[in-house]
Structure formats: C-alpha cells, structure tokens
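Working notes, structure below.
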Amino acid sequence: MAKRIQFSSHGGPEVLEYVGYQPAEPGPQQVRVNNKAIGLNFIDTYYRSGLYPPPALPSGLGAEGAGVVEAVGSDVTRFKVGDRVAYGSGPLGAYSEVHVLPEANLVHLPESISFEQAAGVMLKGLTVQYLLRQTYELQGGETILFHAAAGGVGSLACQWAKALGVKLIGTVSSPEKAAIAKAHGAWETIDYSKENVVQRVLELTDGKKVPVVYDGVGKDTWLTSLDCVSPRGLVVSFGNASGAVEGVNLGILSAKGSLYVTRPTLATYANNAENLQRMADELFGMINSGKIKVDINQRYPLAEAAKAHTELSARRTTGSTILLP
C-alpha cells in the first residue's frame, strides 16, 4: 500500500486526509511515477475548497511533482523505467508516493535539475514561461506590473523579467516581501498595504501606465489592474488568490481605454507533449544558466499537507513549498 492525501468533501485544510491506497497499473498510454518531491500551489486550495470542482470525490490533490518512472503502459514510447521525469499539469493526485498520469503530461528531467528543484518550479515556472513568453511576449525594455511579486510565481517572474531586460514593478504586502521581490530582480515594488498602487504606477511610468498587467490575485486587484494598464493594453488575469473575478461589465474595458483581457491556463499552452517539453526545456535552460534560482523556502512531510495549506492560504510562505513523501 502506498500513501496519499485525499479529500472527500470540500472545505478548509482540515478536510485533507493522509490515507493508504493501492496505486493503479498504468494504462496503455500512461506512466507510473515514484514521486521524490511534490509541489504545493495555490490552485490546490481551489480544488480543496470547491472553487474548482474535481472530477469526483473522494479526490486526490496536487498537479506537480518529480520522480522516477517505475512502470509504463504498452503504448508508451517516450519514457522507460528508470527515467527521471517531472510534471506540472496534473491530473490531480500528485500528493502521493506514487502517481499514474498520461505520457503526454510528463517531461524528461535532466540530471542537472534536482527532483526538489523540479517539484518546486514546474507549475510556477511553466506558468511564468507562458505568461512572459507567449501570452504577452516580452521583447525587453518594457515596464510591466506583476501582482504578488514575492510569491512563488512572482519570484520567478521577477528573475525571468530581469533576464529579459524588462522592468518589473511588483506589488507586495510588506517591507519584508518588498525586499524579497527586489532580491529576485524586481525593478520597483509597491506595498499595497500602505501605498496607492495606481498612483505609484503613474509616478513610476511618467504617467504612461504599463502595456501589460499580470494579475494572479483576482477579485481584490481587478479594478486596480484595469487602472494601471495603458490604452489598448492587456490585463492577464491568471489566478484567484483573493477570489474569482465575477460580474464583469465589458463596457468597463471601453471606458478604461479599449483594453484587452485574457484568462489563460497552462493546459491551453502546454496542449501537447511537444509544446510541454519545449516550454520545460526553456525553463530548465534558465535554471542551468543561473538566471533563475529556485527558492524552496518551505518543506513539509506529505503527511503534513494540511499544515502546508494553512500556511500558504495565510500568505506566510515565500518562494516555493514542497511536500516530501
């Protein structure tokens, strides 16, 4: 019997259970991975709470991990037993000692990247890749706004933006988090607990605002984001840390300057094995070059996933958090 985290009802961290289960044999196009490290992400709290419905209950949790292939299905061609692999796009069930998932959802993990690094960076790093390199392809020289710049995604975005020659303005909630964002390459920070974000963006851009705002916070920052983007600019709403953006009147986009809005997901960009591996290879290259450092600032045993969720939801974490089977 292997161990995993599951939940049978929606709610707070207390619904997470550490249980024994029998891992399935891989189907024809599936791979079974012995997890060495597992990533913790804010989207995991959405499935737990019910904001995002899982396929069924009880459900496993988590979409990101790294480990070694221990079994492959009859039609699998890209992987063999013993291969080092990583994944960041599910399916749910990564919070486990063993995980079965489609071959197309796995990438080859080079020896130069550790299991812990991969588990701490796959989902967040691939998110930053599509945000900065595809959703709005930064060329260098731009000034952009990125909310929650000291978090897991934000810290990586600060580094990647700096490597691209982009000036990233990051919003943060405290002087300590401002220091973290600056240390990772943010050009400037705005402490939204003390400063007016829109006014500071105007000051920092000489009244021009920014061509793109990356907003993973959601409800609490939606209107602020609209007021920070320049006419015909783009608001990239990619998360709901404060709750979902609802009841949007499209007329506001006209009133704010013929704005564009997109709600992207990783699954749309990493929509086949080739795209996923290409995105991962660019991410791994950034790590190997030293331009991106994976900060794993919290480690919890898999059995303590509920405690990890409590800390994440309270915004008491920085960088990446991983669970260890």
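A short reminder: the numbers here are calculations on the coordinates, not readings from a lab. Keep in mind the model is a prediction, meaning the values are calculated, not measured. Positions of Cβ are generated from backbone atoms using ideal geometry, with glycine treated the same way; all protein chains shown enter the neighbour counts.
Just a few scattered comments:
- Counting DSSP beta bridges with both ends in the chain, the antiparallel % (nearest 5): 55 percent
- Excluding same-chain neighbours fewer than eight residues apart, the lysines reachable from Lys291 by a Cα-Cα span under 20 Å are Lys124, Lys162, Lys167, Lys182.
- For region 140-263, relative contact order (Cα pairs under 8 Å, six or more residues apart, normalised by length) works out to 20 percent.
- When you count the other C-beta atoms within 10 angstrom of each residue and take the mean per peptide, 196-204, 147-155, 221-229 line up highest first as 147-155, 221-229, 196-204.
- Order of Met279, Met122, Met1 under a 10 Å beta carbon neighbour criterion, fewest first: Met1, Met279, Met122
- Pairwise label distance in nanometres, Lys307 with Arg232, each label 7 Å out on the Cα-Cβ vector: 5.4 nm
- At least 15 Å along the helix axis (C-alpha) and Kyte average at least -0.5, DSSP helices within the chain: 115-130, 152-163, 273-288
- One chain, two ends: Glu142 and Ile252. Fully extended at 0.36 nm per residue, the span grows by 37.1 nm beyond their Cα-Cα distance.
- Low-density loop positions, trypsin sites (Lys or Arg not before Pro), region 69-172 - DSSP coil, at most 12 other Cβ in 10 Å: Lys80
- Förster radius 25 Å - calculated FRET efficiency between Lys219 and Ser173, Cβ distance, rounded to 0.05: 0.95
- Long-range HN-HN contacts of Thr189 with modeled amide H, under 5 Å: Gly170
- By the beta-carbon count within 10 Å of each Cβ, the least crowded to most crowded order of Phe146, Phe284, Phe115, fewest first, is Phe115, Phe284, Phe146.
- Of all aspartates and glutamates in the structure, the ones whose alpha carbon falls short of 15 Å from that of Lys36, not counting any fewer than 8 places away in one chain, are Glu64, Glu70, Asp83, Glu97, Glu111, Glu116.
- Residue-span extension gain [Glu282 to Asp191] - 0.36 nm each, minus C-alpha spacing: 29.6 nm
- Summarising the amide proton neighbourhood of Gly319: residues at separation of 5 or more, or on other chains, whose placed amide H is nearer than 5 Å comprise Gly152.
- Counting every other Cβ atom within 10 Å of each residue's Cβ, Glu282, Glu14 order from fewest to most as Glu14, Glu282.
- When the pairs Lys177/Lys256; Lys3/Lys307; Lys194/Lys256 are compared against a 21 Å limit on Cα-Cα distance, Lys177/Lys256; Lys194/Lys256 fall above it.
- Shape of region 187-235, Cα gyration tensor, a/c cut at 1.5: oblate
- Helix-only mean residue ellipticity at 222 nm for the chain, each DSSP H run of n ≥ 4 adding -39500 (n - 2.57), per residue, nearest 500: -8500 deg cm²/dmol
- Protection proxy ranking of 171-181, 31-41, 250-260 - average other beta-carbon atoms within 10 Å, highest first: 31-41, 171-181, 250-260
- Check: region 84-159 dipole with +1 on Lys, Arg Cβ and -1 on Asp, Glu Cβ, in debye: 100 debye
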